[in-house]
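Colleague: Pasting a structure here, questions to come.
Rule-based calculations on the coordinates, nothing more; no lab input. Since we're looking at a predicted model, the values are computed, not measured. Cβ atoms come from the backbone with ideal geometry, glycine included; neighbour counts cover every protein chain shown.
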Amino acid sequence: MQERKDHLSRTLKSLRKDRGWSLDAAAAATGVSKAMLGQIERGESSPTTAVLWKLATGFRVSVSSLMEPLPEISSDTLIRDADNLRQLPGDSGMAVAPLFPFEPRFGFDYMELTFLPGYERRSEPHEPGVIEHITVISGQMEILTENLWRLLKAGQSIRFRGDKPHGYRNKGSEKAVTLSVIHYPHRS
Ligand code: MN
């Protein structure tokens, strides 16, 4: 947990430095308050998944890169265990397990996302060209895309544009476990 906080704090500081952004500029780009950004950089706050996503979108980095360091060189064969990776930050109602974190050579994030009952989040559009794919493994959930909430049951999959307004919600009584591939076409 502390390790993750340290990683996020270091990553955020270096992203901001790379871009030459003040805290004000970073707050404007991400929609995360200056006070919260300062707390995260000082390692005083563990942000919710919603905040992590805002940071990733504002800085145009993958959400997984904020959760753990990317390996310098990863082997082609890689075995990952969601039970050891799942994080449920703060009171966010959504757990994320970065199964195969973003690597420039592949261009996607592959994650297990678990939505607890009652969870609802509207997402700001990601950068142009981003496409999301979600497969429901258990439970059911709804995805908002093109102004319609689409119900997905276990076994069903959806592909939708991540660069348009979209949302995720679980109005059911059990958690929804999903696999998600987010493709970032223009990122290195
Ligand atoms: Mn999204």
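Colleague: Working only within region 143-153, note down all residues that are assigned to a loop (DSSP other than H, G, I, E, B) and either surrounded by 13 or more Cβ atoms within 10 Å (Cβ to Cβ) or under 21 Å from the mean Cα position of the chain (by Cα) (or both).
Modeller: Across region 143-153, the qualifying residue is only Glu146.
Colleague: Shifting gears a bit: For region 56-76, give me each residue that is hydrophobic (A, V, I, L, M, F, W, C) and more than 13 Å from the ligand (Cβ to nearest atom).
Modeller: Correct list: Phe59, Val61, Leu66, Met67, Leu70, Ile73.
Colleague: Can you find even one residue in region 154-174 that is more than 16 Å from the ligand (Cβ to nearest atom), in contact (Cβ under 8 Å) with a residue 60 or more places away in the chain and assigned to a loop (DSSP other than H, G, I, E, B)? So that I can check it myself, show each step before the final result.
Modeller: Initially, region 154-174 is screened for residues more than 16 Å from the ligand (Cβ to nearest atom), giving 154-156, 171-174.
Filter once more, keeping what is in contact (Cβ under 8 Å) with a residue 60 or more places away in the chain: none.
No; the residues of region 154-174 include none that is more than 16 Å from the ligand (Cβ to nearest atom), in contact (Cβ under 8 Å) with a residue 60 or more places away in the chain and assigned to a loop (DSSP other than H, G, I, E, B).
Colleague: Right, another one. Of all residues in region 90-142 being acidic (Asp, Glu) and under 21 Å from Ser157 (Cα atoms), which is surrounded by the fewest Cβ atoms within 10 Å (Cβ to Cβ)? Walk me through it before giving the result.
Modeller: Our first condition is that a residue be acidic (Asp, Glu); within region 90-142, this holds for 91, 103, 109, 112, 120, 124, 127, 132, 142.
Pick out the ones that are also under 21 Å from Ser157 (Cα atoms) and you get 109, 112, 120, 132, 142.
Numbers: Asp109: 24, Glu112: 19, Glu120: 15, Glu132: 22, Glu142: 20.
Filtering first and then ranking leaves Glu120.
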